[in-house]
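The values are calculated or read from the model by the stated rules, or taken from the named source; none is laboratory data. Given the structure is predicted, the values throughout are model-derived calculations rather than measurements. Here Cβ is always computed from backbone atoms with ideal geometry, including for glycine, and neighbour counts include all displayed protein chains.
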Amino acid sequence: MAAIYSGIHLKLKSSSTPWPDKIKLARFAWISTQCLLPNKEQVLFDWTSHALTCFYQQKIELPSEVVEELWAYFDEILHSRKLHNFLSKKKTINLHSTVPQLINDRILDYCSGRSASFLTVLSCCHGILSTPVLSVTYTAKYEMLVQLLSRLCCLTNGQLREHNDEPLTLKVFELLLLVLNTYLTVQKQQGNSNKVFIQVKSHLLRPLLLLRHLLNTRVWTEKDDVKIQQNLSKEIRTKVDALLLSALFVADHFQSYKREVLPKEGEIGHKKSRFVKGMQSPLNMILSKLSLKGANEEEETLFYAVKSNSLGLLFTFALDSFCKGTENAQVIFYLMAKLITALGFTDELGLDVKFRESNWGLALLTVENLLKSCLA
């Protein structure tokens, strides 16, 4: 038997070996003690990563069945006892740097439509992030992790917004929670709070606030997994709150918020503010992300509900971060005024005649909640 599998590396690389046979060889090589291939684990990791990368970069053509089998094989070795034992002996294995981008791009594809390898790719991602020596391919690249979280949020939001009887996918929510935990750890390690603010504002704020709203307002059905209803949804909301609070309302940014919301004291003071250090108009940057136009009446209603609910949440974050007792009360008051204006029913001098009547209930409820938070 050993003789049959001698020279397996050459057979895997050979263009004359049919792809189904290559995958069979790779599967046997991974589990077999008879395959004496130097640095076998790394070779098989590299072969799988290279094959998938070449396919998605359109360097080779493969039938969809072969692509699905490659992902399935990759998933098998990521979750295998053999890999666990290999790493427990303090041995190392490197994951090709192209794999995280491959996974991120597949998740983006699935946001608009699913494929047979949908759950397998998610499982591969889970296996990578659950293995410290492999997860570094994500954690060492902050922007790559931001992209993963953003796309996974969009995927989750799409499932939550679907108007059909299909149950929610448990693996999606389990992976989302894992990614949130991983991201929070990496975010705390970032030395540049301005960079974190910009990344979260640009790529995560909208999908996270939409996700939070959809989880809060979902009418759960018997088909929805109990684990999602009772545990995952609550844990995810808690992680989302922690992420947004620590990214958008850190002490380093207080002076920037203060300069933005307090009335300017004459033209001289206004000119000086152009040359100060720190973030420029952080509140305006946040609010601009909440002003989203829907493609239809249903989306308009949804986006306004997300905005109105999110303003109260953001104000709570500001209170928790900047208001200790009566300290900074003036800044908090003017910040609240900016948030009320963002509801859209007033232009600060009077009512906006273009304001949709159907939004009055949400707007007034948000104002009431803001005032209650301020008084508390």
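For this structure, a couple of remarks:
- Condition met for K22 (buried (at least 19 other Cβ atoms within 10 Å of the Cβ) and more than 30 Å from the chain's Cα centre (by Cα)): yes
- Residue in the stretch 131-142 that is modelled with pLDDT under 90 and among the aliphatic types (A, V, I, L, M) present: no
- Breaking point among (1) farther than 18 Å from K171 by Cα; (2) loosely packed, with under 14 Cβ neighbours inside 10 Å; (3) without any contact (Cβ under 8 Å) to a residue 40 or more places away in the chain, for G113: (1)
- Listed by position, the helices (runs of 4 or more DSSP H) inside the stretch 36-97 whose residues that are of a type in the set (S, T, N, Q), modelled with pLDDT under 95 and closer than 27 Å to K171 by Cα number at least 1 are 64-78, 81-88.
- Residue within the stretch 98-109 that is at pLDDT below 95, within 26 Å of N39 (Cβ to Cβ), among the β-branched types (V, I, T) and not in a helix (DSSP H, G or I) present: yes
- Contact map, the stretch 70-87: first residue more than 16 Å from N39 (Cα to Cα), second residue charged (D, E, K, R) and assigned to a helix (DSSP H, G or I), Cβ cut-off under 8 Å, separation 6 or more or different chains; pairs are Y73/R27; E76/R27.
- Qualifying residue in the stretch 118-135 (condition: within 14 Å of the chain's Cα centre (by Cα), surrounded by fewer than 18 Cβ atoms within 10 Å (Cβ to Cβ) and either closer than 21 Å to S49 by Cβ or among the hydrophobic types (A, V, I, L, M, F, W, C) (or both)): no
- Selected residue (only one of V226, V261 is in contact with a Lys or Arg (Cβ under 8 Å, 6 or more places away or on another chain) and not basic (K, R)): V261
- Of all residues in the stretch 142-169, none that is closer than 16 Å to R106 by Cα and of a type in the set (D, E, K, R) has its Cβ atom under 8 Å from the Cβ atom of a residue that is outside any helix (DSSP H, G or I) and at pLDDT 95 or above, 6 or more apart or on another chain.
- Residue within the stretch 186-198 that is within 20 Å of L292 (Cβ to Cβ) and surrounded by 21 or more Cβ atoms within 10 Å (Cβ to Cβ) present: yes
- Each residue in the stretch 222-266 was checked for being surrounded by 13 or more Cβ atoms within 10 Å (Cβ to Cβ), hydroxyl-bearing (S, T, Y) and without any contact (Cβ under 8 Å) to a residue 12 or more places away in the chain, and 0 of them qualify.
- If you go through the stretch 196-243 and keep only what is under 16 Å from F317 (Cα atoms) and of a type in the set (V, I, T), you end up with V200, T238, V240.
- Taken together, L211, L175 contain a single residue that is modelled with pLDDT of 95 or more, over 23 Å from P282 (Cα atoms) and of a type outside the set (D, E), which is L175.
- The residues on offer are L180, L184, L175, and the sole one that is more than 23 Å from A305 (Cα to Cα) and touching a His at 6+ places or on another chain (Cβ under 6 Å) is L175.
- Near pairs, Cβ below 8 angstrom, 6+ apart or cross-chain, from the stretch 37-54 (free of Cβ contacts under 8 Å to residues at least 12 places away in the same chain) to any residue that is assigned to a loop (DSSP other than H, G, I, E, B): C54/I60
- Filter pass, K201 being among the basic types (K, R) and either exposed (fewer than 15 other Cβ atoms within 10 Å of the Cβ) or at pLDDT below 95 (or both): no
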